[in-house]
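The values are calculated or read from the model by the stated rules, or taken from the named source; none is laboratory data. Model, not experiment: these values are computed from the prediction. Cβ: placed from backbone, ideal geometry, glycine included. Neighbour counts: every protein chain shown. Just the protein is used for accessible areas: all its heavy atoms, side chains included, with ligands, DNA and RNA removed. Shrake-Rupley method; radii C 1.70, N 1.55, O 1.52, S 1.80 Å.
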Amino acid sequence: MDKKFYITTLGCPKNTVDSMSMHHSLLEEGFLPATKPEESDFHLINTCTFIRSATEETIQTILGAAHAKKQEGQKLVVVGCFAERYPKDISAEIPEVDLVFGTGKYSQAGKIIKEAFRREIVSVPKTEFNSDIVERMKLSPEIENYSKPYAYVKVSDGCNRGCAFCIIPSLRGKFVDSPLEEILKDTRRAISAGAKEICLVSQDTVYYGKDSDKLLDMIKVVSEVEELEILRLLYLYPDKKTEKILRLMGETPKIAPYLESPLQHVSERVLKSMNRSGGYSAFRDLYSLAREVRPDLEIRTSFILGFPGETGEDVDEILRFVEETRPEKLNLFSYSPQEGTKGADFQQTVSDKEKAKRINLIRDLHLKILQEIHESRIGKTYDAIVDGIEGNTAVVRRLQDAPEIDEVVYVEDPSLKPGTIGKVKIESFYEYDMMGTWLES
């Protein structure tokens, strides 16, 4: 009888890549994938604890899985950021969890589980696969990162920024580049599995190569991979290096017309307190450059409201910035102090009620801007990719929108195939998503 595993992934696309690494490691050790958690012998939960809501979701998911341990002999394994941060608390407070290990060990998951559960596994003959079979299994659509027309490829891990609100450096460690050969290998493997679009992800993409042009060279090489249709760059810190990336974007048609650059604030005083660089003028100029080099480009950014010391005047700066630069996509977060960060030691000067008020103020402004943006899209045609089919409706995504986090266009044409690239004409819109008509490429 084979031993089966199932991986539940929480959090961001970087965790999706880490889960894929665990999946590969388990295959190499002779484990087989299950299609449902309850069918597995080992249920692994890859956790997130970036913000309070992510931590709460992680805890609820673990408790739910612990309650669902109905299959006799099933083992529950908690891994990733939450496990790195609270290993003793998990073991002490949730005894149903059989094994805990943190970040940096994803590629060793198979060996770690084998060693930890040697008694349970020793009586089961190892499933022997030759290298060709293992490689084919690694391309299975059962792997989340290979189940859609897009895939994520991690270019680095860790972070050196030391932002006062962020726990990531404590969980992931110092910044480490992924070797170019590994990035290319992962890119080609994802394309072999059916991906048309590759999204390069990391905690801090622009730090790749530090002060050199290594990042630009890497992007050029990846963009030249045969059969790659779309290359998307995610998590670009707003600095001078991002300006270089934007100029490269203007010269490289395969790069999606999309800038994701989380600003977190625009007040120089608040940013300095956050241990971040930049400010209103620098960010405005960056966004102006983005629209200049790629007129069809759209921007996603994020702001944290209620950081210690933030005033009403600081919020007014964000409002003016949003009004002036009109980013198409906007994430708003309520600041929550994270134990182990510099910000947690500051006096918390903004109440939760006031944080919510400030978020709503900015969201209301952005929704008005977004409605005007939507109205300007009516009748326009965009390059797009079919992500999937829901009932009789195709879920289509413009190249200006990133997978899973941005708007989609619903097209009433179930005959479309996932992965098809063509054009979509916008006919109408909801608050965020749109309706459209598919046009042949």
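Any idea what % of Cα-Cα pairs in the chain are farther than 44 Å?
When every Cα pair of the chain is considered, 12 percent fall beyond 44 Å.
Rounded to the nearest 500, what is the 222 nm mean residue ellipticity of the chain from helices alone, with -39500 (n - 2.57) per DSSP H run of 4+ residues and division by all residues?
-11500 deg cm²/dmol
Return a single number: how many Lys pairs in region 272-407, at a sequence separation of 8 or more or on separate chains, have alpha-carbon atoms below 29 angstrom apart.
Count of close lysine pairs: 18.
In region 340-441, which chymotrypsin sites (Phe, Trp or Tyr not before Pro) fall in coil by DSSP and have 16 or fewer other Cβ atoms within 10 Å?
Phe346, Tyr430, Tyr432
Can you tell me how much longer the chain between Asp316 and Met435 gets when fully stretched, taken as 0.36 nm per residue apart minus their C-alpha distance, in nm with one decimal?
Here the segment from Asp316 to Met435 would lengthen by 39.4 nm.
So for each of 383-389, 296-302, 45-51 I average, over its residues, the number of other beta carbons within 10 Å; can you give me the resulting order with the highest mean first?
45-51, 383-389, 296-302
Please work out how much length the chain gains when fully extended from Ser170 to Ser107, using 0.36 nm per residue of separation minus the C-alpha to C-alpha distance, in nm with one decimal.
Net length gain for the segment: 20.7 nm.
In what sequence, largest accessible area first, do Thr9, Thr205 appear using a 1.4 Å probe?
Output order, biggest surface exposure first: Thr9, Thr205.
Trypsin sites (Lys or Arg not before Pro) within region 29-74: which are DSSP loop residues with at most 12 other Cβ atoms inside 10 Å?
Here the trypsin sites (Lys or Arg not before Pro) that fit, given the DSSP loop and packing criteria, are Lys70.
Among bridges DSSP assigns within the chain, what percent are antiparallel (round to 5)?
35 percent
Can you compute the charge dipole magnitude of region 4-130 about its Cα centre, using +1 on each Lys and Arg Cβ and -1 on each Asp and Glu Cβ, nothing else charged? Give it in debye, rounded to the nearest 20.
160 debye
Suppose every K and R has +1 on its Cβ and every D and E has -1 on its Cβ; what is the size of the dipole of the chain about the Cα centre, in Debye to the nearest 20?
Using only the charged Cβ atoms, the result is roughly 760 debye.
Place +1 on the Cβ of every Lys and Arg and -1 on the Cβ of every Asp and Glu in region 144-237, take the dipole about the Cα centre, and give the residue among Leu234, Pro169, Leu215 whose Cα lies farthest towards its positive end.
Toward the positive end, the furthest listed residue is Pro169.
Amide H neighbours of Asn331 under 5 Å, at least 5 residues apart or on other chains, H built in the peptide plane: list them.
Result for Asn331 returns Thr301, Ser302, Phe303.
Just the isolated ones, please: cysteines in the chain lacking another cysteine beta carbon under 4.7 angstrom.
Cys12, Cys48, Cys81, Cys159, Cys199
Structure shown: which of Lys210/Lys244; Lys154/Lys210; Lys36/Lys111 lie over 19 Å apart, alpha-carbon to alpha-carbon?
Pairs exceeding the cut-off: Lys36/Lys111.
Could you give the length gained by full extension between Leu32 and Ser53, i.e. 0.36 nm per residue of separation minus their alpha carbon distance, to one decimal place?
4.3 nm
Over the chain, what percent of the accessible surface lies on carbon and sulfur atoms, probe 1.4 Å?
After summing per-atom areas, the C and S share lands at 48 percent.
Where both residues lie in region 271-420, what percent of DSSP beta bridges are antiparallel, nearest 5?
Antiparallel: roughly 60 percent of the beta bridges in region 271-420.
With +1 on each Lys and Arg Cβ and -1 on each Asp and Glu Cβ, how big is the dipole of region 308-386 about its Cα centre, in debye rounded to the nearest 20?
300 debye
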